[in-house]
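Here's the structure we're looking at; comments come further down.
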């Protein structure tokens with residue numbers, strides 16, 4: 001997984017007055033957990049732009065003025081309710097031999113058979129929680145929707161990988177191909193009718209494929 005470097009300075013005082021002074025100076029107060037004791041530090045707000053305002057997932061290298069360096073992930077962030085400025089960030093320290101859980105984006109690729117036939121790709125899960133040691137954390141999980149037909153659903157079980165564990169229940173739907181609403185309206189169908197028809201079409205398609213394989 002790609003990493004972003006944050007250069008900061010350790011905080012001697014963590015009181016409300018000093019915290020306010022930091023924010024007024026354009027800095028973000030932060031805390032790093034996971035070590036022997038919490039590490040309080042601050043960094044320029046602009047330093048977090050590529051970490052916070054992005055759909056991508058990153059680990060972080062925190063370099064402090066005193067020479068200390070830590071590998072971490074962002075665990076929690078607080079924004080101002082009116083201005084949306086960053087108020088505070090919590091980080092969690094990484095260790096190469098300890099698994100960590102974090103969310104990574106899902107990248108959908110391909111043009112599905114169902115979409116070509118007039119269906120609509122519904123992306124149910126745009127991010128997934130995965131657990132792995134830091135060196136095996138993926139930048140993203142790629143999902144090829146090319147073979148999917150109308151009525152097909154792709155579950156997280158189809159994305160199992162030896163490098164990481166997906167931390168969702170087996171019935172979690174990542175994406176599905178739905179019949180277009182306009183086609184449903186013309187046919188006088190509602191969503192319950194659609195689910196029933198899609199189930200029959202999926203079963204029929206699977207049966208036809210099984211028959212074809214048996215003949216081969």
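The values are calculated or read from the model by the stated rules, or taken from the named source; none is laboratory data. Here the structure is a predicted model, which means the values were calculated and not measured. As a convention, Cβ positions derive from the backbone with ideal geometry for all residues, glycine included, and neighbour counts pool all protein chains shown.
General observations
- Total residues in segment 152-170, condition over 22 Å from residue 134 (Cβ atoms), surrounded by 14 or more Cβ atoms within 10 Å (Cβ to Cβ) and without any contact (Cβ under 8 Å) to a residue 40 or more places away in the chain: 3
- Subset of segment 19-44 (residues that are touching a helix residue (DSSP H, G or I) at 6+ places or on another chain (Cβ under 6 Å), assigned to a loop (DSSP other than H, G, I, E, B) and on the phi < 0 side of the Ramachandran plot): none
- Any hit, segment 10-18, residues being surrounded by 13 or more Cβ atoms within 10 Å (Cβ to Cβ), part of a strand (DSSP E or B), in contact with a helix residue (DSSP H, G or I) (Cβ under 8 Å, 6 or more places away or on another chain) and outside the structural domain of residue 140 (by TED's automatic domain parsing): no
- Matching residues, segment 90-127, being closer than 19 Å to residue 57 by Cα and touching a helix residue (DSSP H, G or I) at 6+ places or on another chain (Cβ under 7 Å): 94, 96, 100
- When residue 61 is tested against (1) over 20 Å from residue 103 (Cα atoms); (2) at pLDDT 95 or above, only condition (1) is not met.
- Search result, residues across segment 111-151 that are in a helix (DSSP H, G or I) and either surrounded by fewer than 16 Cβ atoms within 10 Å (Cβ to Cβ) or touching a residue at least 60 places away in the same chain (Cβ under 8 Å) (or both): 114, 115, 116, 134, 135, 136
A quick yes/no check of all residues on (1) within 18 Å of the chain's Cα centre (by Cα); (2) surrounded by 13 or more Cβ atoms within 10 Å (Cβ to Cβ); (3) part of a strand (DSSP E or B):
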site: 8; (1), (2), (3): no, yes, yes
site: 72; (1), (2), (3): yes, yes, yes
site: 76; (1), (2), (3): yes, no, yes
site: 82; (1), (2), (3): no, no, no
site: 95; (1), (2), (3): no, no, no
site: 98; (1), (2), (3): no, no, no
site: 106; (1), (2), (3): yes, yes, yes
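Results for (1) assigned to a helix (DSSP H, G or I); (2) at pLDDT 55 or above; (3) not assigned by TED's automatic domain parsing to the domain that holds residue 111, shown as yes or no for each residue.
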| position | (1), (2), (3) |
| --- | --- |
| 158 | yes, yes, no |
| 161 | no, yes, no |
| 168 | no, yes, no |
| 171 | no, yes, no |
| 176 | no, yes, no |
| 184 | yes, no, no |
| 188 | no, no, no |
| 193 | yes, no, no |
| 197 | yes, no, no |
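- Residue in segment 20-33 that is under 29 Å from residue 164 (Cβ atoms) and without any contact (Cβ under 8 Å) to a residue 60 or more places away in the chain present: no
- Boolean, residue 123 is over 30 Å from residue 39 (Cβ atoms) and either modelled with pLDDT under 95 or not assigned by TED's automatic domain parsing to the domain that holds residue 75 (or both): yes
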